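Report on the structure given below.
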Amino acid sequence: MTPDLWVIITGLLAASALALIGSFLVLRQNGMLGDAISHAVLPGLVLAFLITSSRNVVPMVIGAGLFGLLTAYLTEILSQTRRVYSDAAMGIVFTLLFAVGVIMVAMFAEQVDLDQECVLYGEIAYTPWNRFMVGTTDLGPRAVWILGGVLLANLAFILLFFKQLKISSFDPQMAVAVGIREKLWHYLLMTMVSLTVVSAFESVGAILVVAMLIIPGATAYLLTSRLHVMLILSVVIGMFCAIGGFYGASYFDASIAGFMAVVGGVVFAVVLIGTQVYRRISQMKYASARVQPADKTA
C-alpha cells in the first residue's frame, strides 16, 4: 500500500471509533469531556516516566488512560453533589490535574522534554512510518492496529449493551426504574471514552480526536432521533470528513488533521442550515393546510 492510503485508512478508523463513542457524549450533553481529558492526563505521563525512566509509548498511554478515567470519575462525583454544574465540574477537575502535572514536570522531570505534545499528540501524516514489527515481520503502521482494536472494542461494547446505553443516555430516571444501574453504565461509557481518546491521541493528534469525537455525532443528531440510525450516520459522516479532509489537505498542502476537522465543521454547518430551512418550510406548509379550510368556509 502507498503511504497516502495508510493515512486514509488511519483517518477512517479514528473517525469511526471516535464517532461511535462520541455520539453518546452528545446525547448526554458531555461533549467537551474529550478536551478535558487531553489536559488532565499530564500527571499520568509524568508518573509513567518516573516509574519506568523512559518515554516508551505503552506505559505513557497506560498512565494517561488511568488519569483520563480519573478525570471522568471526579467530574461525575462533583456533578452528583448538585452544588456544581457539570461544565464547571469539568473545568475544575481538568485544570486541577493539568496544574498538578505542570508542577510534577517542574519538580521531577524539568530536564526531560516531557509533555503531552512529545508523547501523545501525534501527527496522522507520520503514521505510515511508525511500523508494528513482530520480530523481523512488518505488519504495517502501528496506528492502524491500535485504532482497529479500539474500533472493534467500541463496536462490541455498543452492540452487547445497546439497550442499557440507550435507556441510561435518554432517560436516567427510567433506567433506574427498570433496574438498570445508570451509574455503572455511565462509568463504563466513560472508561471506553478515555481509552478511545488516549489511544487515538497518540496516533492522529489532538485536533482530530476532539473534532471527530463530537462533530459526527452532533451532525447525525440533527438528522434523526433514532439512536441506531444516529450511530450509523455518525460513522458515515466521520468517514466522509476523513476522506474529504485528506484530499482537501493534499490539494491545499495543509494539515491533514486540521483539514479533516474543517470538513467536519462545514458538514455540520450545511446540515444545520438545511434542517432549519426544511423545518421552516414544513411549518409553513402545515400552517397553510390549517388555514385553507377556514378560507373555503368563509
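The values are calculated or read from the model by the stated rules, or taken from the named source; none is laboratory data. Bear in mind that the values here come from a model prediction, so they are computed numbers and not experimental data. Neighbour counts run over all protein chains shown; Cβ positions are idealised from the backbone, glycine included. Note: areas computed on protein heavy atoms with side chains; ligands, DNA, RNA excluded. Shrake-Rupley method; radii C 1.70, N 1.55, O 1.52, S 1.80 Å.
Values computed for the structure shown
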| quantity | calculated |
| --- | --- |
| The listed residue being among the small types (Gly, Ala, Ser) and open to solvent by 50 Å² or more (accessible area, probe 1.4 Å), out of SER194, SER199, SER225 | SER225 |
| Options LEU69, LEU13, LEU42; residue that is within 20 Å of ALA206 (Cβ to Cβ) and within 13 Å of the chain's Cα centre (by Cα) | LEU13 |
| Total residues in the range 1-29, condition free of Cβ contacts under 8 Å to residues at least 60 places away in the same chain and open to solvent by less than 30 Å² (accessible area, probe 1.4 Å) | 0 |
| Some residue of the range 139-162 being polar (S, T, N, Q) and without any contact (Cβ under 8 Å) to a residue 40 or more places away in the chain | no |
| Any helices (runs of 4 or more DSSP H) falling wholly within the range 62-175 and containing at least 3 residues that are open to solvent by 30 Å² or more (accessible area, probe 1.4 Å) and modelled with pLDDT of 85 or more | 86-108, 142-160, 162-170 |
| Residue selected from the range 202-216 under the condition β-branched (Val, Ile, Thr) and open to solvent by less than 10 Å² (accessible area, probe 1.4 Å), by the criterion modelled with the lowest pLDDT | VAL204 |
| Test: residue in the range 234-256 that is at pLDDT below 90, out of contact with any strand residue (DSSP E or B) (no Cβ under 8 Å at 6 or more places or on another chain) and within 24 Å of GLY149 (Cα to Cα) | yes |
| Failed item, numbered, when VAL57 is tested on (1) at pLDDT below 75; (2) at positive phi | (2) |
| One residue from GLY238, GLY258, GLY179, GLY245 being surrounded by fewer than 18 Cβ atoms within 10 Å (Cβ to Cβ) and outside any loop (DSSP other than H, G, I, E, B) | GLY258 |
